[in-house]
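Here the structure is laid out as C-alpha cells; the discussion comes afterwards.
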Amino acid sequence: MTTSTSPKTRYLLALGVSVGTVLFLLLGIGALGIVGDGDRDAVYLAAPAVGLLVALVTRFRAPGMALALAAAALVTVLAGGWSVGLVATDQVSASLVDVVMLTGMYAALFAFAAWLFRRTPAA
C-alpha cells in the first residue's frame, strides 16, 4: 500500500479480507469439509469466535483487530494440529496433506488480515 491511501481505506480493506476469510472458511466447512465427513470441522469455528471476542474487547480498533486476527490464525493452526492428530491416528478418513494445506491456507489468510490491520494507523 502506498502512503496516499487513507487510514479508513486501509481499515476497510483489512476488514474485507477478514470477513472474506471467515466466509471462505464457512464455505469450506459447509460445502467441502476439511477433515472428512461429519462434524469434526466445527473445531475450526473456534478461530472466528476467538477473533470476534478479541475484536469486541478491543472495540474494533485497528491494533486490536490485528491482535484478533493473529489470534484467529493461531487458533486455526491449533485446530489443524488437532485435526492432523485425528487423521494420523486413523480416527478420520481424510488426506493428511489436504488437512495441512487447508489449515495453512486459512491461517495464512487470517495472518494476512492481521498484517493489513497492523499497517493501518490507529485513529
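The values are calculated or read from the model by the stated rules, or taken from the named source; none is laboratory data. This structure is a prediction, so every number in the text was calculated from the model and none was measured. So basically every Cβ, Gly included, is an ideal-geometry build from the backbone, and we count neighbours across all protein chains shown.
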Take residue 68 and decide whether it is under 12 Å from the mean Cα position of the chain (by Cα), buried (at least 22 other Cβ atoms within 10 Å of the Cβ) and part of a helix (DSSP H, G or I).
-> yes
Residue that is surrounded by the most Cβ atoms within 10 Å (Cβ to Cβ), among those in the stretch 26-63 that are among the charged types (D, E, K, R) and in a loop (DSSP other than H, G, I, E, B) | 61
Lone qualifier among 97, 77 - being at pLDDT 95 or above, in a helix (DSSP H, G or I) and β-branched (Val, Ile, Thr) | 77
Condition check for residue 94: surrounded by 15 or more Cβ atoms within 10 Å (Cβ to Cβ), more than 10 Å from residue 35 (Cα to Cα) and small (Gly, Ala, Ser) = no
Complete set of residues in the stretch 71-86 that are surrounded by 21 or more Cβ atoms within 10 Å (Cβ to Cβ) and among the β-branched types (Val, Ile, Thr) = 75, 76
Any chance you could count how many residues in the stretch 100-123 are surrounded by fewer than 21 Cβ atoms within 10 Å (Cβ to Cβ) and part of a helix (DSSP H, G or I)?
-> 9
Do we have any residue at all in the stretch 29-46 that's modelled with pLDDT of 95 or more and under 15 Å from residue 112 (Cβ atoms)?
-> no
Quick one: would you say residue 23 is of a type in the set (A, V, I, L, M, F, W, C), loosely packed, with under 12 Cβ neighbours inside 10 Å and in a helix (DSSP H, G or I)?
-> yes
Starting from the stretch 62-85, take each residue that is in contact (Cβ under 8 Å) with a residue 60 or more places away in the chain and list its partners that are buried (at least 19 other Cβ atoms within 10 Å of the Cβ) and among the β-branched types (Val, Ile, Thr), counting only C-beta distances under 8 angstrom and pairs at least six apart or across chains.
-> 62/120
